[in-house]
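Here the structure comes first, spelled out in structure tokens, and everything after it is commentary.
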Amino acid sequence: MRTTTNTTLMASTALAFVLGLCAAPMANAQEQEKKGAAAKAGRLVPAKAARNQPATMLDLITISATMIKTAVIDSMAAISAVDQDELAHIQPNTAADIFRTTPGVAASMNGDDPATAINIRGLEQYGRVVVTLDGARQDYWRVGHGSGSFYVEPDLIKEATVIRGPVSNAYGSGGIGGVVSFETKDAGDFLKKDERWALSEKLGYEDNGGGFTTSTTSAYRFSDNADIIGNLIYRDRDSYTDGNGATVPWTGERVTSGYLKTALRPADGHELKLGVILQRYNDQITSSSGSTSPTLSRYDANTTNQTYTAAYTWKPDDNDLIDLSANAYHNRTRAEQTQVWPTNMIGNFRFYDVATSGFNIKNSSRFDAWDIAHTLTYGLDYYYLEASSEAAHFGAGEQQGYGGFLQWQGDYKEWLQVIGAMRYDGYQLDGETRTTPAQQASISGDRWSPRLTVGVTPFEGFQLYGTYSEGYRAPGLQDVFRGGGAHGGTDAYRPNLLLQPETAKNWEAGINVKYDDVLMAGDRLRAKVNVFHTHVEDYIEADLRAGVTRTAINIGDARLKGIEAEAVYDYGWGFVNLAGALIDAKVVSGLYAGQALNNTPLDRISATFGFRMLEDQLTIGAQYLSVGKITRTSRTNPTLAPVVDDGFNLVNVFANWTINDNLKLDFGVDNVFNTAYTDPQSAWSTTAATEQGKGRTFKVALSGRIGG
């Protein structure tokens, strides 16, 4: 049985604790003010006892909602980041593992499919959450449960950043739910300052599924102005067992992936990065994940993901008006599937192919006037997407998205910050109707979307902010041009050329807290708390009512609201990370008024505790994760009684030992208490004979490194 828990009560307690941590240090405000402008700019001013202490996750410098890299804790938006230290603790097998403690995010997958789907605050499916890998959009989808999936091998990742809500609209068309950005390592991240070259080898093994991983990384520095890094990964997994000890069928996979990235600096202030990322997945998928029905289809799947990127930056030291970046990319995901069940259909072949090419360019100009520090950021972006398949129920065609934005940020002294922005979005979709004879068809549209954020810092280390923002999501090819096939007969899908784009209007308020020396010399407290209320007009979903021709329609409006919080307390020889979210998202008008939106609410809390030993060479810790229950209502028959999927609790432990400069050992146990569970966010079949989640899993990885 799945574990049942009063998640709302526990989440409320955790959030109250976070708020308590935020409020506790206010008595130290006068002392913190003495630290001056350096702390305001995000530069840490630690006590002497902690000068070598690593920065917390909330201090990580990463992308922000303003498209200007800044520390997470200094961003006036709901942003979370996962860095290398956290990735080492998790030892993720999938991209979904990376975000298991990120508030407001449910990264789900099915055990028989290595692809991942991201749900942010209740919004998911392709186009509602923009996913990028080294700046390249990952726009793949396939037919069936779990549409809007993407493929990212976690061992490739240096850091991952999530920007929640339409405040992220500067990052391109769509993204009313938010942005997920993955970044791979540069040579400078791998090579030490005095090294010309380096080579590392990582060997990993886990007992549940008898799987192993090898990861080889090498880098070479030709000079201070040119370097290159390469990586090759092979992952082999057999079918794993759930918490009841039952083998979960079709969950094995073979993954080969790698990347090559070079950086050139032809002159001061100029840098050009060229990269290629190749991933290949071999696995077995079913048409209804986990179902043991003898009539459902099963396929051998070979999926390739190719990403090519070119990124140029120009930031001269003597000209604050120029901070230019330009990026071009191409991504293609192709899944080839050969049917292996039932027996009368063995050998049938189908494919899904989605390719996106695009570019973006932006510049930031900084200047002072009227006692205000001004930052003006402006840019353009464009992408072209082409999708094809032999399956009639796939939304084949071409899609273009384009836009531009203008943003002003003003900082008055050290207590007031204002951001005003406007974005323009346009789109065009071209495809084929399912009429006889078939005809070419096209739809298009555009819109302006504003954003305004005001932040006040009444005293050093404590910031309040409020935001109003809007986002715009065009209907996708799968929405508009999907045809018959999926359910056959009277259930066959039909295109809908009358679909209207989705528009999100979002109110948000937050608190950022950043203090040092709170309870002891050298400790650090960082916390972010935010509340939000988002209204999505013309929400798009398939009309699944009995007796109605199946097609995507604007079912009505949706409403998302909730609270998210995360806090880090680091005291040198240990740390505590807390995160939690209470989110409710539902349809508020139209056909399904009152029903939950995309498997919500997303009530989750997590707590991670760690201790550092042996002069910080050894870190041991434990992580607790609680996922709340989800109420499912029927789209085919809204009068049916809802079905409640129980939540679950997991406990994981980890140890990371840096034996010396050239050798590191990572150890972990996931699901220590062998809980039997299925993530309610997944599309795992309700008739499955097993649970989806992995049972107790021991993991170990040994990494060796040489360089000179």
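Being in a loop (DSSP other than H, G, I, E, B) and either without any contact (Cβ under 8 Å) to a residue 12 or more places away in the chain or within 23 Å of residue 165 (Cα to Cα) (or both) is the filter; apply it to the range 548-589 and report the residue that is farthest from the chain's Cα centre (by Cα). Reasoning before the result, please.
Step one: of the range 548-589, the residues in a loop (DSSP other than H, G, I, E, B) are 548-549, 551, 571-573, 588-589.
Within this subset, residues satisfying the condition of being either without any contact (Cβ under 8 Å) to a residue 12 or more places away in the chain or within 23 Å of residue 165 (Cα to Cα) (or both) are 548, 588-589.
On the way: 548: 35, 588: 27, 589: 29 Å.
Out of the qualifying residues, it is 548.
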Positions within the range 312-346 being among the charged types (D, E, K, R) and either free of Cβ contacts under 8 Å to residues at least 24 places away in the same chain or touching a strand residue (DSSP E or B) at 6+ places or on another chain (Cβ under 9 Å) (or both), in sequence order
315, 318, 320, 323, 332, 334, 336
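Condition (residue is touching a His at 6+ places or on another chain (Cβ under 8 Å), in contact (Cβ under 8 Å) with a residue 60 or more places away in the chain and surrounded by 24 or more Cβ atoms within 10 Å (Cβ to Cβ)) applied to the range 99-119: is it met by at least one residue? Spell out how you get there, then give the answer.
Residues of the range 99-119 that are touching a His at 6+ places or on another chain (Cβ under 8 Å), as a first pass: 110.
Right, trim to in contact (Cβ under 8 Å) with a residue 60 or more places away in the chain and you get 110.
Filter again for surrounded by 24 or more Cβ atoms within 10 Å (Cβ to Cβ), leaving 110.
Scanning the range 99-119 turns up at least one residue that is touching a His at 6+ places or on another chain (Cβ under 8 Å), in contact (Cβ under 8 Å) with a residue 60 or more places away in the chain and surrounded by 24 or more Cβ atoms within 10 Å (Cβ to Cβ).
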Candidate set from the range 204-224 (those that are in contact with a strand residue (DSSP E or B) (Cβ under 7 Å, 6 or more places away or on another chain) and outside any strand (DSSP E or B)); member that is farthest from residue 470 (Cα to Cα):
207
Which residues, taken from the range 286-325, are under 24 Å from residue 63 (Cα atoms) and of a type in the set (Gly, Ala, Ser)?
310, 311, 325
Considering the range 226-257 alone, what residues qualify as being free of Cβ contacts under 8 Å to residues at least 60 places away in the same chain, over 30 Å from residue 691 (Cα atoms) and touching an Asp or Glu at 6+ places or on another chain (Cβ under 9 Å)?
227, 229
Does residue 693 count as at negative phi, crowded, with 16+ Cβ neighbours inside 10 Å, at pLDDT below 95 and in contact with a Phe, Trp or Tyr (Cβ under 8 Å, 6 or more places away or on another chain)?
yes
Within the range 578-624, residues more than 23 Å from residue 533 (Cα to Cα) and of a type in the set (Asp, Glu) come out as 615, 616
Evaluation of residue 136 against (1) closer than 20 Å to residue 334 by Cβ; (2) of a type in the set (A, V, I, L, M); (3) crowded, with 24+ Cβ neighbours inside 10 Å; (4) at pLDDT below 90 (one fails), failing number
(4)
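Out of curiosity, is residue 95 within 20 Å of residue 157 (Cβ to Cβ), at pLDDT 90 or above and touching a helix residue (DSSP H, G or I) at 6+ places or on another chain (Cβ under 7 Å)? I'd like the intermediate steps shown before the answer.
Working: within 20 Å of residue 157 (Cβ to Cβ): yes; at pLDDT 90 or above: no; touching a helix residue (DSSP H, G or I) at 6+ places or on another chain (Cβ under 7 Å): yes.
Judged against the criteria, residue 95 is not a match.
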In the range 390-407, what residues are exposed (fewer than 15 other Cβ atoms within 10 Å of the Cβ) and either among the hydrophobic types (A, V, I, L, M, F, W, C) or on the phi > 0 side of the Ramachandran plot (or both)?
406
In the range 671-708, the residues that are over 26 Å from residue 624 (Cα atoms) and over 25 Å from the mean Cα position of the chain (by Cα)
686, 687, 688, 689, 703, 704, 705, 706, 707, 708
When the range 366-389 is examined, which residues are found to be surrounded by fewer than 16 Cβ atoms within 10 Å (Cβ to Cβ), in contact (Cβ under 8 Å) with a residue 40 or more places away in the chain and either more than 22 Å from residue 64 (Cβ to Cβ) or small (Gly, Ala, Ser) (or both)?
371
Residue 201 is checked against (1) in contact with a Gly (Cβ under 6 Å, 6 or more places away or on another chain); (2) closer than 28 Å to residue 67 by Cβ; (3) in a strand (DSSP E or B) and fails just one. What number does that condition carry?
(2)
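Taking the stated definitions as given, is residue 142 part of a loop (DSSP other than H, G, I, E, B) and surrounded by fewer than 24 Cβ atoms within 10 Å (Cβ to Cβ)? Break it down stepwise before answering.
Numbers: part of a loop (DSSP other than H, G, I, E, B): yes; surrounded by fewer than 24 Cβ atoms within 10 Å (Cβ to Cβ): no.
Here the answer is no, as residue 142 does not meet what is asked.
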Would you mind finding the one in 679, 670 that is closer than 30 Å to residue 124 by Cβ, at pLDDT below 95 and in contact with a strand residue (DSSP E or B) (Cβ under 6 Å, 6 or more places away or on another chain)?
679
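Within the range 266-300, restricting attention to residues that are in contact with a Lys or Arg (Cβ under 9 Å, 6 or more places away or on another chain) and polar (S, T, N, Q), which residue is farthest from residue 232 (Cα to Cα)?
First pass over the range 266-300, keeping only residues in contact with a Lys or Arg (Cβ under 9 Å, 6 or more places away or on another chain): 269-277, 280-287, 299.
With the extra rule that they be polar (S, T, N, Q), the set shrinks to 282, 284, 286-287.
Numbers: 282: 16, 284: 23, 286: 29, 287: 31 Å.
Per the stated criteria, the residue is 287.
Does at least one position in the range 407-424 carry a residue that is within 17 Å of residue 481 (Cα to Cα), under 27 Å from the mean Cα position of the chain (by Cα) and without any contact (Cβ under 8 Å) to a residue 40 or more places away in the chain? Give the derivation first.
Here is the first cut: in the range 407-424, the ones within 17 Å of residue 481 (Cα to Cα) are none.
Checking the range 407-424: not a single residue is within 17 Å of residue 481 (Cα to Cα), under 27 Å from the mean Cα position of the chain (by Cα) and without any contact (Cβ under 8 Å) to a residue 40 or more places away in the chain.
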Of (1) among the β-branched types (Val, Ile, Thr); (2) under 26 Å from residue 403 (Cβ atoms); (3) touching a residue at least 60 places away in the same chain (Cβ under 8 Å), residue 303 satisfies all except one. Which?
(2)
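It is to be established whether one or more residues within the range 169-184 are over 25 Å from the mean Cα position of the chain (by Cα) and part of a strand (DSSP E or B).
Taking the range 169-184 as the starting set, the residues that turn out to be over 25 Å from the mean Cα position of the chain (by Cα) are none.
Looking for residues that are over 25 Å from the mean Cα position of the chain (by Cα) and part of a strand (DSSP E or B), one finds none in the range 169-184, hence no.
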Inside the range 408-429, the number of residues satisfying the requirement of being polar (S, T, N, Q) and surrounded by fewer than 17 Cβ atoms within 10 Å (Cβ to Cβ) is 1
Within the range 233-245, how many residues turn out to be surrounded by fewer than 20 Cβ atoms within 10 Å (Cβ to Cβ) and either under 23 Å from the mean Cα position of the chain (by Cα) or within 16 Å of residue 282 (Cα to Cα) (or both)?
4
Please enumerate the residues belonging to the range 626-670 that are within 23 Å of the chain's Cα centre (by Cα), more than 22 Å from residue 597 (Cβ to Cβ) and polar (S, T, N, Q).
649, 652
Can you say whether residue 540 is among the β-branched types (Val, Ile, Thr), closer than 21 Å to residue 681 by Cα, in contact with a Gly (Cβ under 7 Å, 6 or more places away or on another chain) and in contact (Cβ under 8 Å) with a residue 24 or more places away in the chain, as far as the supplied structure shows?
no
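The values are calculated or read from the model by the stated rules, or taken from the named source; none is laboratory data. For clarity, every value in this text was computed on a predicted model and none was experimentally measured. When we count neighbours, we look across all protein chains shown, and the Cβ atoms used for this are built from the backbone with ideal geometry, even at glycine.
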